[in-house]
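The values are calculated or read from the model by the stated rules, or taken from the named source; none is laboratory data. Bear in mind that the values here come from a model prediction, so they are computed numbers and not experimental data. For neighbour counting, all protein chains shown are included, and Cβ atoms are generated from backbone atoms with ideal geometry for every residue, glycine included.
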């Protein structure tokens, strides 16, 4: 990691109790007083506070407070909460008081970082890659990956199609028969598809479009590997001409490839916080999953793990970290020392 440097003033450390009394009315502040012990997962960033507050509902409320410093002598907030009130509520006031009280306890590690260190110590090795299947002839279910901004964000859509060298003829719109296929698989569904269908249906993520899934850290590594190993995974290229039907846009077939290395860099943001950044080669994009990072070579169509051996999950762990201040950076460095001396 880079050596320590001084940090610029952080708005989240500048507000006072007087500011809190200015932002909330007396009734709200009075109700906030009883929520001091109901706050968990408090995260303090330069311009943001986040926490969960246990209210009257079984599930805790999620509070986010953006803290701004429009002028050197003024501080403003935008406090939102998942409770029925929605903003500037007693839960937000309680979070502001909780963060204020922590200042008197000296430097404090971010609890998210401490949880990350514990998870790192309990990590496990991933199994070998599944065997690569050839692309089948005849009608089958195919998996289309489409890059979005930023480049390492991918949307996954399923289509029923048939290979017609050197391209894929697919039906429109997207195929929507996963639930039915699990009960009574049609001829176009192969046995390897069923495990993929179950995993996709269990994903807890919003759909930007109907029947479109997001490949991100909520997706378990074996799902992505099984999709590519099926021999029916494709990368959608950008159309090079106007008026082309979506089904005619060139597709790049994807296959599993060997592990590749990537360059890890530690950068500093405008507040002096450390951020881990991973750089792949010029032909590859980073594809995240729950336990592993992958490269996607958009020229060759190869998809493989980044890192080898114990480094397979280490890089993925690093990119899950929030921005680090000096205390957090020292803790992370100590946790990494036995794994990457």
Being at pLDDT below 90, touching a strand residue (DSSP E or B) at 6+ places or on another chain (Cβ under 9 Å) and over 13 Å from residue 96 (Cα atoms) is the filter here; which residues of region 41-58 pass it?
41, 46, 55
Answer yes or no: is there a residue in region 228-237 that is part of a helix (DSSP H, G or I), more than 22 Å from residue 173 (Cα to Cα), under 17 Å from the mean Cα position of the chain (by Cα) and at pLDDT 80 or above.
no
Out of all the residues in region 54-66, which are more than 18 Å from residue 20 (Cα to Cα) and either under 21 Å from the mean Cα position of the chain (by Cα) or part of a strand (DSSP E or B) (or both)?
61, 62
By residue number, the members of region 23-40 that are touching a strand residue (DSSP E or B) at 6+ places or on another chain (Cβ under 7 Å) and touching a residue at least 24 places away in the same chain (Cβ under 8 Å) are 23, 35, 38, 39
For region 263-306, which positions are under 19 Å from the mean Cα position of the chain (by Cα) and not in a strand (DSSP E or B)?
280, 289, 290, 291, 292
Which condition does residue 18 not pass, out of (1) in contact with a strand residue (DSSP E or B) (Cβ under 6 Å, 6 or more places away or on another chain); (2) surrounded by fewer than 16 Cβ atoms within 10 Å (Cβ to Cβ); (3) over 27 Å from residue 328 (Cβ atoms); (4) at pLDDT below 90, if it passes all the others?
(1)
Subset of region 197-217 that is in a loop (DSSP other than H, G, I, E, B) and at pLDDT 70 or above - its residue that is nearest to residue 184 (Cα to Cα):
211
Give region 64-90 a look and list any residue that's surrounded by fewer than 21 Cβ atoms within 10 Å (Cβ to Cβ), touching a strand residue (DSSP E or B) at 6+ places or on another chain (Cβ under 6 Å) and farther than 16 Å from residue 13 by Cα, or say none.
80, 82, 83, 87, 88
Restricting region 111-136 to residues that are touching a strand residue (DSSP E or B) at 6+ places or on another chain (Cβ under 6 Å) and in a loop (DSSP other than H, G, I, E, B), the one modelled with the highest pLDDT turns out to be 132
Subset of region 70-90 that is over 27 Å from residue 275 (Cβ atoms) and in a loop (DSSP other than H, G, I, E, B) - its residue that is modelled with the lowest pLDDT
73
Across (1) surrounded by 19 or more Cβ atoms within 10 Å (Cβ to Cβ); (2) at pLDDT 80 or above; (3) in contact with a strand residue (DSSP E or B) (Cβ under 6 Å, 6 or more places away or on another chain), residue 318 clears everything bar (2)
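Residue-wise test of (1) over 28 Å from residue 318 (Cα atoms); (2) part of a loop (DSSP other than H, G, I, E, B); (3) more than 24 Å from the chain's Cα centre (by Cα); (4) modelled with pLDDT of 85 or more.
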position	(1), (2), (3), (4)
4	no, yes, yes, no
30	yes, no, yes, yes
68	yes, no, yes, yes
92	yes, no, yes, yes
100	yes, no, yes, yes
104	yes, no, yes, no
Filtering region 21-42 down to residues that are closer than 22 Å to residue 115 by Cβ, surrounded by fewer than 16 Cβ atoms within 10 Å (Cβ to Cβ) and in contact with a helix residue (DSSP H, G or I) (Cβ under 7 Å, 6 or more places away or on another chain) yields 36, 41
